[in-house]
Amino acid sequence: DYDLSEADPEVYAIIGKEKNRQYKSLELIASENFTSRAVMEAVGSCLTNKYSEGLPGKRYYGGNEHIDELEILCQERALAAFRLDGNKWGVNVQPLSGSPANFEVYTAILKPHDRIMGLDLSHGGHLSHGFMTPKRRVSGTSIYFESMPYRLDDLSGLIDYGMLDKTANLFRPKLIIAGASAYPRDIDYPRMRKIADEVGAFLMMDMAHISGLIAAGVLADPFEFCDIVTTTTHKSLRGPRGGMIFFKKDTVHGVDLESAINNAVFPGLQGGPHNHTIGGLAVCLNYAQSPEFKVYQNQVVSNCRALAYRLIEHGYKLVSGGSDNHLALVDLRPSGVDGARVEKILDMASITLNKNSVPGDKSALVPGGIRIGSPAMTTRGLGGEEFVLIADFIHEGVQITLEAKRLAPGTKLQDFMRFVSSSEFPLKYQIST
Ligand code: PLP
């Protein structure tokens with residue numbers, strides 16, 4: 001049995017390069033984070049060797065006494081981390097990631113072609129909330145269910161709850177999905193609950209992006225108002241890559257949520273759980289109950305505010321005018337650049353963030369905005385002053401993008417990308433950020 005460096009130098013070298021990239025870049029992708037060494041130790045452990053289809057005490061394989069203990073501990077910690085009463089709420093910690101967790105909920109409580117409403121992808125929603133284009137049903141959710149997205153108000157950049165109310169009353173969805181991938185504000189759960197009740201729909205919150213902030217009590221609590229709450233575990237929560245589904249221990253609209261959801265996970269859509277991930281998740285959920293975690297999450301929010309204010313000082317337009325959480329969405333269109341070009345230029349300066357659609361955008365490939373998140377660099381120990389500096393770097397990147405656009409031959413994105421990657425792109429711009 002060899003160490004990786006001896007057993008497979010090629011993979012070892014690639015991991016080394018990725019580690020170096022993560023170490024030396026400014027990681028601003030809102031959905032990413034650096035998990036702890038303790039979590040990685042659990043994820044890299046012998047737990048990966050074991051098959052354990054089923055739930056604790058009801059497995060389809062022998063030898064699961066320790067895996068049962070681990071999964072029960074993980075469930076208990078998940079409920080405790082979100083201050084939930086185990087008589088009223090249950091949790092399944094087996095989903096392999098966020099998208100499978102969401103699809104598992106849909107298959108648990110809906111029939112094929114039932115109607116759903118989630119936030120439009122181009123307005124900050126996620127693919128798994130029902131995304132489709134006028135020409136194509138893109139995600140499994142929109143192929144197997146009938147989706148009518150709700151949207152932001154173009155002027156305020158806030159969820160247009162009034163329009164959601166009106167549309168829901170016409171469309172009569174069976175499920176309304178709260179939650180987003182690129183929404184800088186908190187969510188009005190009482191309002192969404194009221195709309196769901198008016199039309200007799202389930203209300204599910206996908207808290208993937210903000211589950212760390214919710215666990216720390218920094219943002220509003222969705223559990224008071226929702227029937228089901230899903231999450232990924234690797235974003236603001238700082239755990240291993242994975243997913244969880246929380247459900248009310250209740251029969252809602254004739255569905256016993258506990259058995260429907262557990263059956264949808266296994267045998268419905270998954271086989272053996274990833275026990276190494278469940279081990280890492282248990283470690284993460286223990287940490288999520290600590291005072292340091294609360295301090296960290298408060299810092300995530302204040303760092304994001306410092307960045308947002310500085311960008312506003314530089315004259316940028318932020319969708320919704322600011323941020324309540326861990327991310328800011330910058331509308332670059334008034335600055336004369338797009339998100340794709342700015343992402344490329346910043347990438348060349350080891351500043352990693354992503355292009356993002358903003359309300360009113362025409363193209364998802366060349367969208368008008370960028371999304372900037374604070375969780376990862378807060379984990380690296382940066383504070384408000386450093387985030388102000390990051391905003392200055394981003395501003396410099398936008399200036400360089402404008403200059404590169406002026407110098408680049410042709411107007412197409414490919415021409416721009418080719419030009420800035422070539423030796424014709426002045427070196428001073430490549431190193432000035
Ligand atoms: N839900 C939301 C709100 C997300 O932002 C994401 C991923 O970015 C997911 C679900 C999907 O998670 P995964 O990539 O783990 O499938």
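The values are calculated or read from the model by the stated rules, or taken from the named source; none is laboratory data. Predicted model only: the values in this text are computed from it and were never measured. A quick note on method: Cβ atoms are made from the backbone with ideal geometry, for glycine too, and the neighbour counts reach across all protein chains shown. Remember, those area values only see protein heavy atoms, side chains included, never the ligands or the DNA or RNA. Shrake-Rupley method; radii C 1.70, N 1.55, O 1.52, S 1.80 Å.
Taking the Cα centre of the chain as origin and charging only Cβ (+1 Lys, Arg; -1 Asp, Glu), how large is the dipole, in debye to the nearest 20?
On the way: 45 positive and 50 negative charges, 217 e Å.
I would put it at about 1040 debye.
From largest accessible area down, sort T133, T232; use a 1.4 Å probe on the protein chains. Each step should come with its number before you reach the end.
On the way: T133 50, T232 5 Å².
These residues rank, largest area first, as T133, T232.
Out of the total accessible area of segment 308-385 (probe 1.4 Å, heavy atoms of protein only), what percent is carbon and sulfur?
Values: 1350 of 2750 Å².
Carbon with sulfur: 49 percent of the solvent-accessible area.
Give the shape of the chain as rounded, prolate or oblate, defined through the alpha-carbon gyration tensor: a ≥ b ≥ c are the square roots of its eigenvalues, a/c under 1.5 means rounded, and otherwise the shape is prolate if a/b is larger than b/c and oblate if not. Numbers along the way, then the final one.
Working: a/c = 1.80, a/b = 1.27, b/c = 1.42.
Oblate.
Using a/c under 1.5 as the rounded threshold, could you call segment 178-265 rounded, prolate or oblate? The axes a ≥ b ≥ c are square roots of the C-alpha gyration tensor eigenvalues, and prolate needs a/b larger than b/c, oblate otherwise.
On the way: a/c = 2.27, a/b = 1.23, b/c = 1.85.
It comes out oblate by the Cα gyration axes.
If each DSSP helix of 4+ residues adds -39,500 (n - 2.57) and the sum is divided by the residues in the chain, what number results at 222 nm, nearest 500 deg cm²/dmol?
Numbers: 17 runs with 185 residues, N = 433.
That calculation yields -13000 deg cm²/dmol at 222 nm.
So what is the relative contact order of segment 167-209, in percent, for Cα pairs below 8 Å that sit 6 or more residues apart?
Numbers: 48 pairs, mean separation 24.5, N = 43.
Relative contact order for segment 167-209 comes out at 57 percent.
Please enumerate, by chain and number, the aspartates and glutamates with C-alpha under 20 Å from the C-alpha of K19, excluding those fewer than 8 residues away in the same chain.
List returned: D3, E6, D8, E10, E27, E32, E41, D347.
Relative contact order for segment 168-280 using alpha-carbon pairs under 8 Å, separation at least 6, rounded to a whole percent?
Numbers: 159 pairs, mean separation 21.9, N = 113.
Taking the mean separation of contacting Cα pairs over the length of segment 168-280, I get 19 percent.
Accessible surface of R21 in the full protein assembly, 1.4 angstrom probe, to the nearest 10 Å²?
The accessible area comes out at roughly 90 Å².
Post the alpha-carbon centroid distance, segment 224-281 to segment 152-203, in whole angstrom.
After rounding, the separation between the Cα centres reads 22 Å.
What angle do you read, to the nearest 10 degrees and between 0 and 90, between the alpha-carbon axis of helix 275-287 and the longest principal axis of the chain?
With both axes taken from Cα atoms, the answer is about 80 degrees.
Compute the signed sum of charges (Lys and Arg +1, Asp and Glu -1) over the other residues within less than 10 Å, Cβ to Cβ, of A376. Could you put the intermediate results ahead of the total?
On the way: positive: K235, R238, R380; negative: E27, E32.
So the surrounding residues net to +1.
If a/c stays under 1.5 just call it rounded; otherwise compare a/b with b/c (prolate if a/b is bigger, oblate if not). Do that for segment 1-105, with a ≥ b ≥ c from the square roots of the Cα gyration tensor eigenvalues.
Details: a/c = 2.46, a/b = 1.44, b/c = 1.71.
Judged from the Cα gyration tensor, segment 1-105 comes out oblate (a/c at least 1.5, b/c at or above a/b).
Quickly work out the N169-to-C46 label distance, labels modelled 7 Å from Cα along the C-beta direction, and quote it in nm with one decimal.
Distance between label points: 6.3 nm.
In degrees from 0 to 90, rounded to the nearest 10, what is the angle of the helix 291-313 Cα long axis to the longest principal axis of the chain?
Once rounded, one gets 30 degrees.
Taking the Cβ of K194 as the centre, find all other residues whose Cβ is under 10 Å away and add up their charges (Lys, Arg: +1; Asp, Glu: -1). Display every interim value, and only then the final one.
On the way: positive: R191, R193; negative: D165, D188, D197, E198.
Within the 10 Å Cβ shell, the charges total -2.
With springs connecting C-alpha atoms under 10 Å apart, model the chain as a Gaussian network and identify which of Y23, Y150, Y51 has the largest mean-square fluctuation.
The residue that fluctuates most here is Y23.
Which entries in the list K135/K362; K235/K405; K174/K249; K50/K248 go over 25 Å, if you measure between the two C-alpha atoms of each? It would help to have the intermediate numbers written out before the result.
Numbers: K135/K362 14 Å; K235/K405 34 Å; K174/K249 19 Å; K50/K248 30 Å.
Beyond 25 Å between Cα atoms: K235/K405; K50/K248.
Leaving out ligands, DNA and RNA, and with a 1.4 Å probe, what % of the accessible surface on segment 148-257 is carbon or sulfur?
Of all accessible area on segment 148-257, carbon and sulfur atoms account for 52 percent.
Karplus couplings for segment 252-264 from phi (6.51 cos²θ - 1.76 cosθ + 1.60, θ = phi - 60°), rounded to Hz, Gly and Pro as x?
10, 6, x, 10, 6, 4, 4, 6, 4, 6, 4, 6, 5
In nm, to one decimal, how far is the M417 label point from the E18 one, both placed 7 Å along Cα→Cβ?
2.1
Amide H to amide H under 5 Å from L26: which residues, 5+ apart in sequence or cross-chain, H placed 1.01 Å off N in plane?
Under 5 Å from the amide H of L26: I351, T352.
Accessible area per residue of the chain at 1.4 Å probe, in Å²? Write down the numbers at each step before the final one.
On the way: 19490 Å² over 433 residues.
So the chain comes to 45 Å² accessible per residue, rounded to a whole number.
Expressed in nm to one decimal, what extension gain is obtained for the pair R406 and K194 from 0.36 nm per residue of sequence separation less their Cα-Cα distance?
Details: separation 212, 0.36 × 212 = 76.32 nm, distance 5.11 nm.
In short, 71.2 nm is gained.
Would you mind working out the magnitude of the charge dipole of segment 68-208 relative to its Cα centre, with +1 at each Lys and Arg C-beta and -1 at each Asp and Glu C-beta, to the nearest 20 Debye? Present the calculation step by step, with values, prior to reporting the outcome.
Working: 16 positive and 18 negative charges, 104 e Å.
Roughly 500 debye, rounded to the nearest 20.
Provide the solvent-accessible area of K194, counting protein heavy atoms only and rolling a 1.4 Å probe, rounded to the nearest 10 Å².
130
Given +1 on the Cβ of Lys and Arg, -1 on the Cβ of Asp and Glu, and no further charges, what dipole in debye does segment 312-433 carry about its Cα centre, rounded to the nearest 20?
Computed about the Cα centre, the dipole is about 460 debye.
Of all accessible surface on segment 72-112 at a 1.4 Å probe, what whole percent is carbon and sulfur?
Numbers: 900 of 1610 Å².
The value for segment 72-112 is 56 percent carbon and sulfur by accessible area.
When only C-alpha pairs under 8 Å and at least 6 residues apart count, what is the relative contact order of the chain, in percent? The partial results should precede the final answer.
Details: 833 pairs, mean separation 88.7, N = 433.
Worked out over the chain, it gives 20 percent.
Among D338, D186, D120, which one shows the highest mean-square fluctuation when the chain is modelled as a Gaussian network with alpha-carbon springs under 10 Å?
D186
Collect residues whose amide H, placed 1.01 Å from N in the peptide plane, falls under 5 Å from the amide H of R185; neighbours closer than 5 in sequence don't count.
Close amide H contacts, sequence-distant or interchain: D324.
Need one number: nm distance between label points at K111 and S5, each 7 Å from Cα along Cα→Cβ, rounded to one decimal.
Inter-label distance under the simple model: 6.1 nm.
Test of understanding: in a Gaussian network model of the chain with alpha carbons linked when under 10 Å, which of M244, M377, M40 would top the mean-square fluctuation ranking?
Residue with maximal mean-square fluctuation among M244, M377, M40: M40.
Which of G179, L158, G217 sits closest to the plus end of the dipole of segment 143-237, meaning its Cα is farthest towards the positive end, when Lys and Arg get +1 and Asp and Glu get -1 on the C-beta?
G179
Whose amide H sits under 5 Å from the amide H of S236, counting only residues 5 or more places off or on another chain, with H placed in the peptide plane?
Residues meeting the criterion, in which the H sits 1.01 Å from N, are S211, G212.
Set the Förster radius R0 to 30 Å, insert the Cβ-Cβ distance between E76 and E224 as r into 1/(1 + (r/R0)^6), and round the FRET efficiency to 0.05.
Working: r = 21 Å, r/R0 = 0.69.
After rounding, the FRET efficiency stands at 0.90.
Would you mind checking the tilt of helix 339-348 against the longest principal axis of the Cα atoms of the chain, expressed as 0 to 90 degrees and rounded to 10?
It works out to around 80 degrees.
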